[in-house]
């Protein structure tokens, strides 16, 4: 798929990004594609932070995938730096094409370039297909995660 470009997300990409975030049962409940104001503010904050990497996959001038990679320096694991992959979404027309693998491989490569020793990824308990996908790529379900809305 040499016609694919992975690049930093730009404000003009937000309609497509938010549409992908909203295109599943979970996202449909929590995303608002009709109001991009909070997403614009968030992208501005993310773009200003050198440890945040929001990227899009573009094919034929069309945004077809996205993810966020966060680099976190830490003290645990002998001062290791880790990367967290979040918000992975693939356009419905592209699912099953290998694009998800390419995006995750990009994120792992970028984590290596940033001297990370660990890559973490979370996925909602209900996304069993996604769990199989991540396991196929070498991720292991080693932890239980907890969240609290505040």
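Can you say whether residue 109 is modelled with pLDDT under 95 and under 24 Å from residue 139 (Cβ atoms), as far as the supplied structure shows? So residue 109 does not fit the description; no.
Scanning region 94-126 for residues that are touching a helix residue (DSSP H, G or I) at 6+ places or on another chain (Cβ under 8 Å) and in a loop (DSSP other than H, G, I, E, B), which turns out surrounded by the most Cβ atoms within 10 Å (Cβ to Cβ)? Only one residue fits best here, namely 123. Selection of first residues in region 11-34 that are touching a residue at least 24 places away in the same chain (Cβ under 8 Å) and of second residues that are surrounded by fewer than 18 Cβ atoms within 10 Å (Cβ to Cβ) and part of a helix (DSSP H, G or I), restricted to Cβ pairs under 7 Å at least 6 apart or on distinct chains, gives the following pairs, ordered by first then second residue: 11/40; 14/40; 21/27; 23/92. Of the set (1) in a helix (DSSP H, G or I); (2) on the phi < 0 side of the Ramachandran plot, all apply to residue 83 but (1).
Of all the numbered requirements in (1) closer than 24 Å to residue 11 by Cβ; (2) touching a residue at least 60 places away in the same chain (Cβ under 8 Å), residue 124 misses one, and that requirement is (1). So for region 110-117 (the condition being under 26 Å from residue 24 (Cα atoms) and in contact (Cβ under 8 Å) with a residue 12 or more places away in the chain), does at least one residue qualify? Taking every residue of region 110-117 in turn, none turns out to be under 26 Å from residue 24 (Cα atoms) and in contact (Cβ under 8 Å) with a residue 12 or more places away in the chain. Do the conditions hold for residue 102, that is, is it modelled with pLDDT of 90 or more and more than 18 Å from residue 9 (Cα to Cα)? It is false that residue 102 is modelled with pLDDT of 90 or more and more than 18 Å from residue 9 (Cα to Cα). For residue 33, the test of being more than 24 Å from residue 104 (Cβ to Cβ) and at pLDDT below 95 is passed.
For region 71-93, the tally of residues that are under 19 Å from residue 117 (Cβ atoms) and either surrounded by 17 or more Cβ atoms within 10 Å (Cβ to Cβ) or in contact (Cβ under 8 Å) with a residue 24 or more places away in the chain (or both) stands at 9.
The values are calculated or read from the model by the stated rules, or taken from the named source; none is laboratory data. Note that the structure is predicted; figures quoted are calculated from it, not measured. Neighbour counts run over all protein chains shown; Cβ positions are idealised from the backbone, glycine included.
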